[in-house]
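A short worksheet on the structure shown next.
Quick note: the coordinates plus some simple rules give every number you see, no bench work behind them. These figures come from a predicted structure and were not determined experimentally. When we count neighbours, we look across all protein chains shown, and the Cβ atoms used for this are built from the backbone with ideal geometry, even at glycine.
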Amino acid sequence: MKTSPLQGQQHNSFETICTKLIVFFLIIVTTMSASTTATKLSSAAATTLAFHIGTEGLPWGSSEKSAWFKQVSTPKRSYHDEVLSKLETIVSNLSKNDNNNATKQRASCFEIIQYGALPINPERYPLMAVKSNPWISNRPCVLVTGGVHGYETSGVQGALLFLKTQAQTYVTQHDMNVLIVPCVSPWAYETIQRWNAYTQDPNREFSTCEEKGEEKLPNNKAEEAAALMRLIQSLNKNNDGGDETTSSIVGTAGQEEEGRQSKWICHLDLHETTDTDVTEFRPARDARDGKVHIPGTIPDGFYLVADSANPQLKWHEAIINSVRKVTHIAPPDNIGSSDDNGKDGNGDQDSITATSKIPCLCGQPIVQEGVIAVPAKPLGLCSSLTGAKYVTTTEVYPDSPLVDDDQCNRCQVAAITGALDYIIAQEENLLSSSSSNN
């Protein structure tokens, strides 16, 4: 039976209509599915970011702090094996190299000093540093600190790697005093935490006595910060050529005969920004303080936190250029933030409004590629400890798929060497003066 042209047209029209209805139905189903998936992801994110200790809107009391401590206090790695033993081995090997190198006019010797201990377990958590010996009074002084936040692994291991591979050069060839404190917060290192055992953030505890109008350090100051401040004070007071002993350094600041002040020229405080900042530490901070938590962002790459009162942007540029040889620099997130997620310190600075569309990192405006700036002294950051001309906080992103642990450690070393090489080139008068007086 033949089909008329009209019937064929009707049949084709019917098929076309059916096809369109099916496509339309599939679009609706796909859209609803995507919407449901987005809702689930949003709910999952909210669940992840909501901290489970405390009552929303109420700061933690002793019971909440105790609950937090019980939850996190089991050690997950060994401070003794990963820091103390490595420190002894590195210094021992450096000393052997000195003794075997007869071509040097003066051998560089590093000594390990104990400058305190954490009261939670003094035997398990001695506070250790390494300094060049002798400590020459007219030399420019360099401080490298790591592990102020214990969970930021490459800060600790990067400081040790710098000691092992590079530090000796700056003492023997460039006449610098070098002090390395690889793990400021050993309890937090073992438990992989940002805070100390008393829910204090050590990187908010470096305000000076003079700024607080007090004659001595306040009793409630985090011991991690207080002990390091006493160490720096003791080196300043007892800077007469390196005759100080370990016992004279520990807890005796101000008791020695006053010598020449140490000339602190540089301080690099080694940190990381990790995914757990978003999933755990920022939510915990807001819960502790009774604040509403607003999720923030994590930069994918390396960046620096300058002191806004003393930015030294050319110096920071030199550090960025040194680090980019090892890893990528964090691109801007191009949005503002209203959740106080500015870095380092890592989420406690006043940030710009969410409507601001300017290049930012962690809610802070970028002052140049890979660099943001915050007021270090008012925030009590470790980088403000010495009052040196050149200070910064490094930020490595260890959770990037583009890096591994070794690369993160080498990033920290590249930051230190880039910083010191710039100073050597720019501060020739200061360095040559210290050399001629030795």
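Among the listed pairs 291/357; 86/291; 65/86, which are separated by more than 30 Å between their Cα atoms? From the list (291/357; 86/291; 65/86), the Cα-Cα distance tops 30 Å for 86/291; 65/86.
Can you tell me the length gained on complete extension of the stretch residue 358 to residue 93, counting 0.36 nm per residue apart and subtracting the Cα distance?
90.5 nm
Between their Cα atoms, which of 70/377; 325/377; 96/237; 325/389; 131/263; 76/96 are more than 22 Å away from each other?
Among 70/377; 325/377; 96/237; 325/389; 131/263; 76/96, the Cα-Cα distance tops 22 Å for 70/377; 325/377; 96/237; 325/389; 76/96.
In sequence order, region 157-171 has phi-based couplings of 5, x, 5, 5, 5, 4, 4, 5, 10, 10, 4, 4, 4, 6, 7 Hz under the Karplus curve 6.51 cos²θ - 1.76 cosθ + 1.60, θ = phi - 60°, and Gly or Pro positions carry x.
Summarising the amide proton neighbourhood of residue 366: residues at separation of 5 or more, or on other chains, whose placed amide H is nearer than 5 Å comprise 360, 361. Under 5 Å from the amide H of residue 390 lie the amide H atoms of 266, 267, each residue being 5 or more positions distant or on a separate chain, with H modelled from the backbone and absent for Pro and chain starts. Here the calculated FRET efficiency for residue 294 and residue 429, from their Cβ-Cβ distance with R0 = 56 Å, stands at 0.70, rounded to the nearest 0.05. Can you give the percent of C-alpha pairs in region 130-213 whose distance is more than 20 Å? Everything past 20 Å amounts to 46 percent. Potential lengthening of the chain between residue 279 and residue 421 amounts to 47.4 nm, from the contour at 0.36 nm per residue minus the alpha-carbon distance.
Placing pseudo-labels 7 Å out from each Cα toward the beta carbon at residue 80 and residue 173 gives an inter-label distance of 3.8 nm.
If I stretch the segment between residue 310 and residue 198 completely, what's the gain in nm (0.36 nm per residue apart, minus their alpha carbon distance), one decimal?
Numbers: separation 112, 0.36 × 112 = 40.32 nm, distance 3.17 nm.
Result for the pair: 37.1 nm of gain on full extension.
Using R₀ = 30 Å, calculate the FRET efficiency as 1/(1 + (r/R₀)^6) where r is the Cβ-Cβ separation of residue 56 and residue 121; round to 0.05. Present the calculation step by step, with values, prior to reporting the outcome.
Working: r = 33 Å, r/R0 = 1.11.
For R0 = 30 Å, the calculated efficiency reads 0.35.
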